[in-house]
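The values are calculated or read from the model by the stated rules, or taken from the named source; none is laboratory data. Note that this is a predicted model, so its numbers are computed, not measured. Neighbour counts are summed over all protein chains in view; Cβ atoms, including those assigned to glycine, are modelled from backbone coordinates with ideal geometry.
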Amino acid sequence: MKSIDSGKRAGVYLTHDYSLLTGLSWQAGGKWFGTRGDAWTVGVDDPPSRKVAGYWQDLVRGDLVRSFPEYSEQFWQGVQKEAVVGYFCASWCAGQMSNLVPDQRGDWAVAQLPTWDGKSASAMWGGSSFIVPKGSKKAGAALEFIKWITTDPQGIAAWYKSGTSSMYPAAPALVPVARKNFATDYYGGQDVFEADTTSYEAVVPGWRWGPAMSTTEVSFNDRLGKVTDGSARLPDIYGQVQDATVKAVRDRGLKVSE
């Protein structure tokens, strides 16, 4: 019997955003940076990370995931057309869904990331910041507002009631406030913060960011698109980024321990 491809995909490969692969490598137990004595260690292509690379190489080449530059307009069009019916993302994505595809209310749910051994494991993806522009005439008021909306329970309640923000609060004491005020109707009554908390508590320890992350990021993003056109293999890219990162660290006058 001939199989029928619906064209729908439950996974996404990003061709210009290395953040997804960073989180998956971390979750798998990779440790891209560390220290040994007075020197840095660099392990972008360590065994756990190469395992992730090999797995995603097969997904992309087998047309089992959709490819987009990043989670931007092109991606959201794929979601709206239901060509994308699942993807990996961080806690803040839950609010984006209700804002950008409101007509799919009740069609989505939040689940834990699959793991290699069946044991719960997670990683961090991104963060948030608030900036007051230099020269602002209301800098003091802006700072007070930022403090209120990020640290005051009333501010948190007002923020999350909008339904468009679901990022996990940095202060544990504020999680129940966010949880209480973020509406569950979009996800069919599911408490997304319960899933977020389970994920947060399962973050694999030991990850460090290195002194040349800009080089690591650019080196990945310059190459990731080559996997989709077949001109490069993802495991090989990890090795190339490893070499570029080691060089960048040494160019900064820092030692690297092999």
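Here are the numbers for the structure shown:
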quantity	calculated
Candidates 246, 227 - the one that is crowded, with 16+ Cβ neighbours inside 10 Å, outside the structural domain of residue 175 (by TED's automatic domain parsing) and out of contact with any Ser or Thr (no Cβ under 9 Å at 6 or more places or on another chain)	246
Selection count where residues are crowded, with 16+ Cβ neighbours inside 10 Å and either within 14 Å of the chain's Cα centre (by Cα) or farther than 18 Å from residue 165 by Cβ (or both), scope the stretch 97-123	3
Residue 257, sole failed condition from (1) surrounded by fewer than 16 Cβ atoms within 10 Å (Cβ to Cβ); (2) out of contact with any Gly (no Cβ under 8 Å at 6 or more places or on another chain); (3) in contact (Cβ under 8 Å) with a residue 24 or more places away in the chain; (4) more than 19 Å from residue 123 (Cβ to Cβ)	(2)
Residue in the stretch 75-85 that is surrounded by fewer than 16 Cβ atoms within 10 Å (Cβ to Cβ), among the acidic types (Asp, Glu) and assigned to a helix (DSSP H, G or I) present	no
Test result for residue 240, part of a loop (DSSP other than H, G, I, E, B), polar (S, T, N, Q) and either at pLDDT 95 or above or not assigned by TED's automatic domain parsing to the domain that holds residue 104 (or both)	no
Members of the stretch 122-132 that are more than 14 Å from residue 91 (Cβ to Cβ) and in contact with a helix residue (DSSP H, G or I) (Cβ under 8 Å, 6 or more places away or on another chain)	130, 132
Pairs where the first residue, in the stretch 143-166, is within 16 Å of residue 132 (Cβ to Cβ) and the second is aromatic (Phe, Trp, Tyr) and buried (at least 16 other Cβ atoms within 10 Å of the Cβ), C-beta under 7 Å, 6+ apart	149/159
Residue that is farthest from residue 146 (Cα to Cα), among those in the stretch 169-185 that are out of contact with any Phe, Trp or Tyr (no Cβ under 6 Å at 6 or more places or on another chain) and buried (at least 19 other Cβ atoms within 10 Å of the Cβ)	177
Any hit, the stretch 1-10, residues being within 21 Å of residue 126 (Cα to Cα) and out of contact with any Ser or Thr (no Cβ under 6 Å at 6 or more places or on another chain)	no
Yes/no for residue 152 being touching a Lys or Arg at 6+ places or on another chain (Cβ under 8 Å) and either loosely packed, with under 14 Cβ neighbours inside 10 Å or charged (D, E, K, R) (or both)	no
Failed condition for residue 109, given (1) aliphatic (A, V, I, L, M); (2) in a helix (DSSP H, G or I); (3) within 24 Å of residue 169 (Cα to Cα)	(2)
Which listed residue is outside the structural domain of residue 184 (by TED's automatic domain parsing) and in contact with a Leu (Cβ under 6 Å, 6 or more places away or on another chain), from 42, 52	52
Pick from the stretch 22-63, criterion polar (S, T, N, Q) and either in a strand (DSSP E or B) or touching an Asp or Glu at 6+ places or on another chain (Cβ under 6 Å) (or both), ranking: farthest from residue 248 (Cα to Cα)	35
Residue 163 being at positive phi, assigned to a loop (DSSP other than H, G, I, E, B) and not assigned by TED's automatic domain parsing to the domain that holds residue 20	yes
